[in-house]
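The values are calculated or read from the model by the stated rules, or taken from the named source; none is laboratory data. Just so you know, these numbers come straight off a predicted model, no measurement behind them. Every residue, glycine among them, receives a Cβ derived from its backbone with ideal geometry; neighbour counts consider all protein chains shown.
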Amino acid sequence: MKQIVTILISLICITSFATAQKKLTLEQVILNSAELTPKKLEQLKWIPETEKFSYIESFGDNQKLISESVNGDSKDVLVLLSDLNNILKSSQLQTLQNFPLFSWFSSSEFWFWDLNKLVLFNISTKELTVLNEIDDHGENPEFIDPKRIAYTIDN
């Protein structure tokens, strides 16, 4: 008797879950596929020593680095790509077409490669520091300490 009751309850649960799904037509799926796709957060990263995460958001021809709290109560623009490019240009470094692949160094600083230069950007002060530089022909840079970088040439 217990088995029959368990089977009946299971069937009721499965049926209710199956009918709770919204049914879509083929036309809705094809024409509205962008609305049905989950939002992707580009370069999603935890910000060290905080309860925040960061990601890149595109708008028009520009991109911005966003920080958002875990509980969703705050969302801040940390830096625009256009502002970062202005700072790079004033520092006589190469400007970027897209937001660079970066890693957080601290809660207010991240580093990234600008051609063969390892650059540290401070969000609070809006200052750039070149931490290190590798040979123009250098490839596959690896480091733990930015002052000591290993790389290959013609490998």
Inset, instruction - Being surrounded by 12 or more Cβ atoms within 10 Å (Cβ to Cβ) and assigned to a loop (DSSP other than H, G, I, E, B) is the filter; apply it to region 114-155 and report the residue that is farthest from the chain's Cα centre (by Cα). - result: 134
Inset, instruction - For region 49-63, state whether one or more residues are surrounded by 13 or more Cβ atoms within 10 Å (Cβ to Cβ), among the charged types (D, E, K, R) and at pLDDT 90 or above. - result: yes
Inset, instruction - Just name the residue that is nearest to residue 127 (Cα to Cα) out of those in region 81-104 that are within 14 Å of the chain's Cα centre (by Cα) and surrounded by fewer than 16 Cβ atoms within 10 Å (Cβ to Cβ). - result: 103
Inset, instruction - With respect to residue 138, determine if the residue is within 23 Å of residue 53 (Cα to Cα) and free of Cβ contacts under 8 Å to residues at least 24 places away in the same chain. - result: no
Inset, instruction - With the condition kept exactly as written, say whether any residue in region 66-79 is surrounded by 17 or more Cβ atoms within 10 Å (Cβ to Cβ), in a loop (DSSP other than H, G, I, E, B), under 16 Å from the mean Cα position of the chain (by Cα) and not hydrophobic (A, V, I, L, M, F, W, C). - result: no
